[in-house]
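The values are calculated or read from the model by the stated rules, or taken from the named source; none is laboratory data. Nothing here was measured: the structure is a model prediction, and the numbers come from that model. Cβ: placed from backbone, ideal geometry, glycine included. Neighbour counts: every protein chain shown. Remember, those area values only see protein heavy atoms, side chains included, never the ligands or the DNA or RNA. Shrake-Rupley method; radii C 1.70, N 1.55, O 1.52, S 1.80 Å.
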Amino acid sequence: MRPPTLRDVAEAASVHVATASRALNPDTRSLVSSTTAERVLQAAKALDYRPNPIARSLRTARTETVGLVIPDLTNPLVPPMVRGVADVLAPAGYDAWIVNTDNDPDREIAQIESLRDKQVDGLIVATARLEHPLLEQLHDEGVRIVLANRLLGAGRIPSVTADNAAGSALAVDHLVALGHRRIAHVSGPQTLSTGLVRRRGYLHAIRDHGLPEDPELLVTCAAWTEEEGARAFGSLLDSGVEFTAVVAGHDRVALGCYDALAARGLSCPGDMSVVGFNDMPFMDKMRPALTTVRVAHYEVGAEAARLLLDSFADPGRPARGVLLQPTLVIRSSTAPPA
């Protein structure tokens, strides 16, 4: 049997097709009388009528879908951000199509093209690099885009991020208050705004406290991973440079610092205080529990979705960036220097 159509519902309710359409749409239901609307809804229920999204998209030139482009599905920071996006989009009638790029630029291009083939109304992108020609091109073509958690160097696209510089400053302030004067930094990739701005915030905080800037206390990870954290921090420990604390640019990197300390028979915080960044799930269960900068990733996703909905409602609205303030969660991985 063929599925029931809108015309079938209209005939069952003894109304015009246009009236049935208005009654079935929550946004236009107030345009018909409550009695008529109830009759149409009852007819639709009796017929088990389901609106045809393809037909609706042809009428409205919208699919009521949004593409969500994320770098790594296994990253514990992703689920709360996705939940924030979904919780804001759903009441507005939008669904999210989630694609994973595995931090692979070629895969990212293919996934975004797939989303565009599906005629999504806009994109929320959490994979931005400082130099990202694809996103710049899409923006210039009029594609509605909001960046989540990362920024482009040009700053022309609406974005939502944590105040990463302020977060690094919170970490340094805490360590200085404990009495540390030689504080290292294990930063992330400098091609990402998160890596660049967190390092910049660390350097500004060191200057603000009148501490010497020692380039030997700076090492860089090629990726936000525990393995890279262990490699980079291990090289710093083996260099002979003296320091008593480290600010890691990511909790995963901080866990790598734990690994490097353990491999050399050193303890945290007895020999070295460690501060992470992001407050991933279960950081309070580590031994020692990790002191870290907390980022509200749910709010990053929710605010990105709000910005995208705003751009649908007002296409001419100038791009704006939202900075969410981080907080410091003090646990047992930091202590006064020995």
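Among the residues of the range 204-227, those that are in contact with a Lys or Arg (Cβ under 8 Å, 6 or more places away or on another chain) and charged (D, E, K, R) comprise E213, D214, E226.
Taking the condition of a type in the set (G, A, S), modelled with pLDDT of 95 or more and either surrounded by 23 or more Cβ atoms within 10 Å (Cβ to Cβ) or not in a loop (DSSP other than H, G, I, E, B) (or both), does A171 pass? Write out each step before concluding.
Working: of a type in the set (G, A, S): yes; modelled with pLDDT of 95 or more: yes; either surrounded by 23 or more Cβ atoms within 10 Å (Cβ to Cβ) or not in a loop (DSSP other than H, G, I, E, B) (or both): yes.
When the stated conditions are applied, A171 passes them.
Residue-level check: of (1) within 18 Å of the chain's Cα centre (by Cα); (2) part of a loop (DSSP other than H, G, I, E, B), L123 misses just (2). Only residues that are modelled with pLDDT of 85 or more and at positive phi were counted across the range 3-61, and they come to 2. Of the residues that make up the range 228-241, is at least one of a type outside the set (A, V, I, L, M), part of a loop (DSSP other than H, G, I, E, B) and buried (at least 22 other Cβ atoms within 10 Å of the Cβ)? No: the range 228-241 contains no residue that is of a type outside the set (A, V, I, L, M), part of a loop (DSSP other than H, G, I, E, B) and buried (at least 22 other Cβ atoms within 10 Å of the Cβ). If you take the residues of the range 174-189 that are part of a loop (DSSP other than H, G, I, E, B) and open to solvent by less than 20 Å² (accessible area, probe 1.4 Å), which of them is nearest to A205 (Cα to Cα)? If we take residues in the range 174-189 being part of a loop (DSSP other than H, G, I, E, B) and open to solvent by less than 20 Å² (accessible area, probe 1.4 Å), then H180 is nearest to A205 (Cα to Cα). Within the option set A110, A96, being open to solvent by 40 Å² or more (accessible area, probe 1.4 Å), in a strand (DSSP E or B) and small (G, A, S) holds for one residue only, A96. Among the numbered conditions (1) assigned to a helix (DSSP H, G or I); (2) farther than 27 Å from W224 by Cα, tell me where V143 comes up short. The failed condition is (1). Filtering the range 198-211 for residues that are surrounded by fewer than 21 Cβ atoms within 10 Å (Cβ to Cβ) and in contact with a Ser or Thr (Cβ under 7 Å, 6 or more places away or on another chain) leaves an empty set.
Residue-wise test of (1) touching a strand residue (DSSP E or B) at 6+ places or on another chain (Cβ under 9 Å); (2) open to solvent by less than 10 Å² (accessible area, probe 1.4 Å); (3) on the phi > 0 side of the Ramachandran plot.
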{"site": "G265", "(1), (2), (3)": "no, no, yes"}
{"site": "V275", "(1), (2), (3)": "yes, yes, no"}
{"site": "D279", "(1), (2), (3)": "yes, no, yes"}
{"site": "K285", "(1), (2), (3)": "no, no, no"}
{"site": "T291", "(1), (2), (3)": "yes, yes, no"}
{"site": "R294", "(1), (2), (3)": "yes, no, no"}
{"site": "Y298", "(1), (2), (3)": "no, no, no"}
{"site": "E303", "(1), (2), (3)": "yes, no, no"}
{"site": "L308", "(1), (2), (3)": "yes, yes, no"}
